[in-house]
Amino acid sequence: MYDPPGYLWAIIIAGIIAIPAATCVVLYGGAVSAGLGRTRAALLAGGAAVVLGGWFTASAVIAGHGWYHTRLGHGVPWMPVAVVGFLGLLLALRRIPVVARALAAPGLMARLELPHTFRAAEGTAFLAIMALGHLPALFALPAGLGDVATGIVAVLVARRLAQGTGRRAALWLNAFGMTDLVVALTLGALTGYQLINVTPSGAPISELPLVLIPTAAVPLLFALHITSVSALVRAPRALRPATATLTAAVR
């Protein structure tokens with residue numbers, strides 16, 4: 001099993017925990033803004049924490065047994081199955097009425113960008129592991145730089161959306177963020193399953209702790225992108241400032 005230095009373990013795990021935690025905070029805020037009350041909002045956030053935390057734990061157990069570390073043609077490729085399956089589950093859960101109301105709440109578009117800020121930590125980890133000579137540059141450079149760029153820009157876009165502007169910038173950010181995830185998954189599969197011979201190999205991508213990024217964090221981030229784009233497309237051209245919306249909700 002690939003065992004990176006302790007500080008990289010800390011960076012990776014911190015980022016993986018922060019993304020779902022921020023998502024739960026987003027759902028809580030959306031439920032409160034939608035008028036569901038703090039009790040129902042807390043239940044929604046708690047339910048999301050159980051689902052997200054449960055799958056992150058299950059994925060770690062699967063990785064610990066080595067089930068993600070397979071070659072094509074030698075058993076079921078569980079990693080892409082996990083990615084697609086978890087993404088499908090998250091998209092299906094969006095249709096639950098209370099979740100749909102929270103996701104349609106005023107001012108939510110700005111909050112939806114916030115979980116992406118923690119992608120900078122994961123991107124930094126990819127680049128650091130590449131610098132140690134344990135990941136191929138073919139994967140680590142585009143995946144790492146793309147995540148760092150998305151994480152930094154997400155902060156700026158969220159601020160503009162909160163001020164009632166930045167709709168076009170948010171659409172571009174989400175388009176770039178989804179492209180970055182697709183490119184990272186594709187290059188990770190090509191190098192991890194050794195469809196492209198590179199040195200070093202991409203084998204660490206299918207082992208702890210890195211495997212938690214594609215199997216758990218990436219589907220959640222992709223679902224957030226899809227939700228954000230849907231909200232931006234439905235929103236009027238001139239957005240109301242999120243602070244004004246929250247003030248009106250309190251009144």
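Could you give the angle, 0 to 90 degrees to the nearest 10, between helix 6-33's Cα long axis and the longest principal axis of the Cα atoms of the chain? Approximately 20 degrees, to the nearest 10.
In terms of its C-alpha gyration tensor, segment 72-126 comes out oblate, because a/c is 1.5 or above while a/b does not outweigh b/c. Taking a point 7 Å out from the Cα of Arg95 in the direction of its Cβ, the residues of segment 27-53 whose backbone N falls within less than 20 Å of it are 48, 51-52. For segment 45-160, what class follows from the C-alpha gyration tensor (a ≥ b ≥ c being the square roots of its eigenvalues): rounded when a/c is under 1.5, otherwise prolate if a/b is larger than b/c, else oblate? Taking the square roots of the gyration eigenvalues as a ≥ b ≥ c, segment 45-160 is oblate. About its Cα centre, the chain has a charge dipole of approximately 1320 debye under the convention of +1 per Lys or Arg Cβ and -1 per Asp or Glu Cβ, with nothing else charged. Match the structure shown to one of the listed values (1) 33, 19, 15; (2) 32, 21, 18; (3) 24, 22, 19 of semi-axes √(5λ) of the Cα gyration tensor in Å, computed from it, and give that label. Recomputing semi-axes √(5λ) of the Cα gyration tensor in Å here picks out (1). Legend: residues His134, His116, sorted from most to least accessible area (1.4 Å probe; ligands, DNA and RNA excluded), read His134, His116. Mind running the shape call on segment 51-101? Use the C-alpha gyration tensor, a ≥ b ≥ c as the square roots of the eigenvalues: rounded below 1.5 for a/c, prolate if a/b tops b/c, oblate otherwise. Here segment 51-101 falls in the oblate category. Under the simplified labelling scheme, the Ala231-Ile152 pair shows an inter-label distance of 2.5 nm, with each label point 7 Å from Cα along Cα→Cβ.
So, in Å, what gap is there between the alpha-carbon centers of segment 183-201 and segment 1-56? Using only Cα atoms to place each centre, the spacing works out to 29 Å. For the chain, averaging the sequence separation of C-alpha pairs within contact (under 8 Å, six or more residues apart) and dividing by the residue count gives a relative contact order of 29 percent.
Where only DSSP H runs of four or more residues are counted, the chain gives -23500 deg cm²/dmol as its mean residue ellipticity at 222 nm, each run worth -39500 (n - 2.57). When the solvent-accessible area of the chain is split by element, carbon and sulfur atoms take up 70 percent of it, the probe being 1.4 Å.
Relative to the dominant Cα principal axis of the chain, helix 167-192 is inclined by about 20°.
The mean sequence distance of close C-alpha pairs (under 8 Å, at least 6 residues apart), as a share of the length of segment 2-143, puts its relative contact order at 37 percent. Loop-located trypsin sites (Lys or Arg not before Pro) in segment 32-120 (DSSP state not H, G, I, E or B) with no more than 13 neighbouring Cβ atoms inside 10 Å: Arg71, Arg95.
The values are calculated or read from the model by the stated rules, or taken from the named source; none is laboratory data. Not measured: the values here are computed from a predicted model. All Cβ positions, even for glycine, are placed from backbone atoms using ideal geometry, and neighbour counts span all protein chains on display. The accessibility values were calculated without ligands, DNA or RNA, using every heavy atom of the protein model including side chains. Shrake-Rupley method; radii C 1.70, N 1.55, O 1.52, S 1.80 Å.
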